[in-house]
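Read the structure below first, then the notes.
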Amino acid sequence: MDSRLHSEFTGAKANIARRVGGRFTAYDGWAEGRNLELVKDKKIVQRWRGADWLAGHYSTVTYRLSGSGNGTRLEFVQTGVPVEVYKDISAGWKEHYWNKMKLALR
């Protein structure tokens, strides 16, 4: 939940509030939403949408963190993605987020 680090590893501007109810934007404002639940070092739940989605439509994104050997395991679930953008969103997470995160953590 660090705007600077998120911006650095994705290569796109992010603004992330560190409180429940706080707003966030990522990818130069393309993704936006609110923090619904924050459990330090364990869980983040966000109301999340893309700028090109129908007005008022949000998905729910959940990140769960747990210790795993010498590292951290991250479980990610996103529900409520519009069917017409599901493939693009899925590919976008991989290309613009997970692959870049892996490179940053090496």
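Output the number of residues of segment 70-85 satisfying the condition of being in a helix (DSSP H, G or I) and surrounded by 12 or more Cβ atoms within 10 Å (Cβ to Cβ). Walk me through it before giving the result.
Filtering segment 70-85 down to residues in a helix (DSSP H, G or I) leaves 83-85.
Of the ones still in play, those that are also surrounded by 12 or more Cβ atoms within 10 Å (Cβ to Cβ) are 85.
Summing the residues that are in a helix (DSSP H, G or I) and surrounded by 12 or more Cβ atoms within 10 Å (Cβ to Cβ) in segment 70-85 gives 1.
Could you grab me the full set of residues in segment 1-28 that are more than 23 Å from LEU103 (Cα to Cα), among the basic types (Lys, Arg) and part of a loop (DSSP other than H, G, I, E, B)?
ARG18, ARG19 - these are the residues of segment 1-28 that are more than 23 Å from LEU103 (Cα to Cα), among the basic types (Lys, Arg) and part of a loop (DSSP other than H, G, I, E, B).
Do you know which of the residues in segment 6-51 that are among the aliphatic types (A, V, I, L, M) and in contact (Cβ under 8 Å) with a residue 40 or more places away in the chain is farthest from THR79 (Cα to Cα)? Before the answer, list the steps.
Residues of segment 6-51 among the aliphatic types (A, V, I, L, M): 12, 14, 16-17, 20, 26, 31, 36, 38-39, 44-45, 51.
Of the ones still in play, those that are also in contact (Cβ under 8 Å) with a residue 40 or more places away in the chain are 12, 44.
Numbers: ALA12: 24, ILE44: 14 Å.
Applying the filter and picking the extreme gives ALA12.
Of everything in segment 53-66 that's touching a residue at least 12 places away in the same chain (Cβ under 8 Å) and more than 14 Å from the chain's Cα centre (by Cα), which residue is surrounded by the fewest Cβ atoms within 10 Å (Cβ to Cβ)? Write out each step before concluding.
Here is the first cut: in segment 53-66, the ones touching a residue at least 12 places away in the same chain (Cβ under 8 Å) are 53-54, 57-66.
From what's left, more than 14 Å from the chain's Cα centre (by Cα): 53-54, 57, 66.
Working: TRP53: 17, LEU54: 9, HIS57: 12, SER66: 11.
Within segment 53-66, the match that is surrounded by the fewest Cβ atoms within 10 Å (Cβ to Cβ) is LEU54.
Can you tell me which residue in segment 67-95 is nearest to the chain's Cα centre (by Cα), limited to those that are modelled with pLDDT under 95 and of a type in the set (S, T, N, Q)?
Looking at the filtered set, the residue picked out is THR72.
Given (1) among the acidic types (Asp, Glu); (2) under 21 Å from LYS100 (Cα atoms); (3) in a loop (DSSP other than H, G, I, E, B), identify the lone condition not met by ASP52.
Going through the list (1) among the acidic types (Asp, Glu); (2) under 21 Å from LYS100 (Cα atoms); (3) in a loop (DSSP other than H, G, I, E, B), ASP52 breaks only (2).
The values are calculated or read from the model by the stated rules, or taken from the named source; none is laboratory data. Worth saying up front: this structure is predicted, and the values here are computed from it rather than measured. In this analysis, Cβ positions are derived from the backbone assuming ideal geometry, glycine residues included, and neighbour counts consider all displayed protein chains.
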